[in-house]
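So the structure is just underneath, and the comments pick up after that.
The numbers here are math on the coordinates, done by the rules we state, and not lab data. On a predicted model such as this, the values are computed, not experimentally measured, just so you know. As a convention, Cβ positions derive from the backbone with ideal geometry for all residues, glycine included, and neighbour counts pool all protein chains shown.
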Amino acid sequence: MKKETSLGHDIVIITLITLVAGLLLGVVHTVTAGPIARQEEKTRIETQKAVFSDAASFEPMEGIEEDAAIVKALEDAGLSKTSVEAVDVAYDGSGEKLGYVITSVNKEGYGGEIKIMTGISSKDGSLTVNSIAFLTLAETAGMGMKADLPDFKDQFKGLDPGQVMIEYTKNGKSADHEIDAISGSTVTTKAVTKAVNAAITAARYLEGGAS
């Protein structure tokens with residue numbers, strides 16, 4: 001009888017502990033969710049300006065992540081394990097469209113997912129990369145993390161690949177659409193290049209020039 005009573009008591013205690021722990025986790029989530037969301041929004045706005053400094057405002061496009069046409073365009077371009085998460089249209093102070101800020105993700109990084117924000121100008125009928133910035137980068141220190149250094153990421157500035165893809169090379173770039181790979185970090189280089197190409201592919205589609 002004592003054993004049954006003790007077992008029942010233990011079950012009640014464990015149940016109460018579980019309920020209290022769940023309640024506390026819920027409270028912590030509620031308390032921290034707001035500040036985390038505000039910080040993420042602040043980072044997003046700052047990064048938009050970093051990759052498209054000429055823009056006065058940005059307007060998000062809805063439903064981009066589920067846009068079947070963009071998904072197909074990426075597939076047709078051979079951009080596997082790569083997606084477009086968001087597109088913000090960039091405007092100048094008079095409301096004229098300047099281009100896009102496109103958030104893209106590739107899941108083939110050495111350290112996992114690589115998320116990039118790319119500013120792309122659409123003025124004068126051509127698409128030109130303004131700049132790129134990383135939102136997620138967890139590559140190997142001293143190797144893949146070099147992707148976030150100016151020597152590598154500034155290679156994308158001003159690129160106008162036309163209707164071809166940006167390519168990386170280990171032998172020294174010899175064409176306008178090429179960049180130099182990070183030495184010893186081909187996996188990271190490939191993932192970053194695919195993410196930027198995804199942004200360009202999406203911009204081509206939005207400009208009516210998907211091929």
May I ask you to evaluate 6.51 cos²θ - 1.76 cosθ + 1.60, the Karplus curve with θ = phi - 60°, for each residue of region 129-144 and list the ³J(HN,Hα) values in order in whole Hz, giving x for glycine and proline?
6, 6, 5, 10, 8, 8, 9, 9, 8, 10, 8, 5, 4, x, 10, x
Cα-centred dipole magnitude for the chain, charges only on beta-carbon of K, R (+1) and D, E (-1), debye, nearest 20:
700
Considering the dipole of the chain built from charges on the beta carbon (Lys and Arg +1, Asp and Glu -1) around the Cα centre, which of Met143, Ala50, Ile114 is farthest to its positive end?
Met143
Got the relative contact order for the chain handy, in percent, Cα pairs under 8 Å and 6 or more residues apart?
17
Check each of the GluC sites (Glu not before Pro) in region 91-149 and keep only those in coil by DSSP with at most 12 other C-beta atoms within 10 angstrom; list them in order.
Glu96
Bin width 5 Å, origin at 0, all Cα-Cα pairs of the chain: what percent of pairs per bin?
1, 7, 13, 16, 16, 13, 8, 5, 4, 3, 3, 3, 3, 2, 1, 1, 0, 0
Any idea how far the Cα center of region 99-130 sits from the one of region 42-64, in Å?
12
